[in-house]
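The values are calculated or read from the model by the stated rules, or taken from the named source; none is laboratory data. Predicted model, so just to flag it, every value in this text is computed and none were measured. In this analysis, Cβ positions are derived from the backbone assuming ideal geometry, glycine residues included, and neighbour counts consider all displayed protein chains.
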Amino acid sequence: MDLGITGKRAAVAASSSGLGLAAAKALAADGVRVAICGRHPEKLAAAAAQLPPDTVVLTADVGSVDGATAFVEQATEALGGLEVLVANAGGPPAGTFASTPMDAYLPALELNLLSTVAMCQAAVPGLIEQGWGRIVAITSSTVRQPSANLILSNTARAGVTGFLKTLATEVAPHGVTVNSVQPGLHGTDRLTSLYGGDPAAAGKHVPTGQIGRPDDFGAVIAFLCSDQARFVTGAALPVDGGAFQGLQ
């Protein structure tokens, strides 16, 4: 299916590996010129090798407000404009209420809430001015079902979901959509590390009986950025193989 986004330009944050890279690959496959970023040049080089030659590669840490803002500004300049923003960042340390000190909360909020706010502040004015834009944030299935031992992520990602829902309403009249996707277990390096080198073992916890494929997840991102998705905004879409079984 032609998504109607050939020739668009996208900034994809934290995209040197994992689901961020999957999003960049899916958008590029649909004719979007992408700017990717990461903290480690060697991982960025490996990611760029999987993308078209005109991909913009930026060394950036989007885990801070300043780094997130700089990435969007640099990507916009290098691409000559911007129509699509995929907001993404790593996760904060694990911990429970009892084990997590107060001074751990602000860094987590900057990583998983304020960094996305900063990226949107850098991108939204231009999207409104041109009357077309797509913002998709990668959050987590823990927004719907908080995970034990992840109190920092549960807290910050729930906050960013509220921010995105509010932003979606404000920018909708200007042709800009804002959505988030909530991934469950997918076959990424992080999942491999969590399951001792055997990510397939995680599949027994998923109703489909298997973990998600990053490329399929990327395709979901690409659709939300499509012309056909113009009427989808303010959504928080679980992509988890049916793991969350609540009604909302």
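Listing for the model above:
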{"read-out": "Residue match in region 89-101 (condition: surrounded by 24 or more Cβ atoms within 10 Å (Cβ to Cβ) and under 19 Å from L27 (Cβ atoms))", "value": "yes"}
{"read-out": "Among residues of region 1-46, those that are under 18 Å from L111 (Cα atoms) and surrounded by fewer than 22 Cβ atoms within 10 Å (Cβ to Cβ), counted", "value": "3"}
{"read-out": "Residue list for region 53-72, restricted to those being surrounded by 15 or more Cβ atoms within 10 Å (Cβ to Cβ) and assigned to a helix (DSSP H, G or I)", "value": "V65, G67, A68, T69, A70, F71, V72"}
{"read-out": "Residue, nearest to G31 (Cα to Cα), within region 213-228, restricted to residues that are small (G, A, S) and assigned to a helix (DSSP H, G or I)", "value": "A222"}
{"read-out": "Answer residue from region 99-137, given it is touching a residue at least 40 places away in the same chain (Cβ under 8 Å) and in a loop (DSSP other than H, G, I, E, B) and is farthest from I5 (Cα to Cα) among those", "value": "T100"}
{"read-out": "Within region 73-88, considering residues that are among the charged types (D, E, K, R) and part of a helix (DSSP H, G or I), the one nearest to the chain's Cα centre (by Cα)", "value": "E73"}
{"read-out": "Answer from V84, V57, V32, V65 - the residue that is in contact with a helix residue (DSSP H, G or I) (Cβ under 6 Å, 6 or more places away or on another chain) and either small (G, A, S) or in contact (Cβ under 8 Å) with a residue 24 or more places away in the chain (or both)", "value": "V65"}
{"read-out": "Residue satisfying condition, being within 16 Å of F244 (Cβ to Cβ), modelled with pLDDT of 95 or more and not acidic (D, E), within set T169, T139", "value": "T139"}
{"read-out": "Residue within region 194-212 that is modelled with pLDDT under 75, touching a Phe, Trp or Tyr at 6+ places or on another chain (Cβ under 6 Å) and not in a loop (DSSP other than H, G, I, E, B) present", "value": "yes"}
